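A short write-up of the structure that comes next.
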Amino acid sequence: MAGFVYIVTNSKRGTLYIGVTSNLERRIFEHREGLTPGFASKYGCTQLVWYEEHLQIATAIQREKSLKRWYRQWKIELIETVNPEWRDLYFALW
């Protein structure tokens, strides 16, 4: 089963949340609608600003754990390499 690692935020260079899922569209919809209790909902992280697809969910989980250990600046640089304007990528998924 494929997996996705993703980063959602509440604003440009704002609070970052890193997650992993097998269904990116559904998961981001849940973030946007406030259906995910916890950190992301508490801080209003609803905008998808970065994601990466992996062929195996286990690889995606490993990547998520790795990214969570990164310094904040490294995460910002990762986002800005592919999304310098911090556009919400949710609508580009289709």
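When its C-alpha radius of gyration is set against 2.2 N^0.38 Å (N residues), the chain gives a value of 0.99.
Here the stretch 45-68 and the stretch 1-16 have alpha carbon centers that stand 8 Å from each other. Among K68, K12, K42, the residue with the largest mean-square fluctuation in a Gaussian network model of the chain, with springs joining Cα atoms closer than 10 Å, is K42.
Shown here for the chain: GluC sites (Glu not before Pro) in loop regions (DSSP other than H, G, I, E, B) with at most 13 other Cβ atoms within 10 Å, namely E33, E85.
Exposure proxy ranking for V5, V20, V82, based on other Cβ atoms within 10 angstrom of each Cβ and starting from the fewest, stands as V82, V20, V5.
Computed from the coordinates by the stated procedures, all read-outs in this text should not be read as laboratory data. This one's a predicted model, so the numbers in the text were calculated from it and none came from an experiment. Note that we place each Cβ from the backbone using ideal geometry, even for glycine, and neighbour counts take in every protein chain shown.
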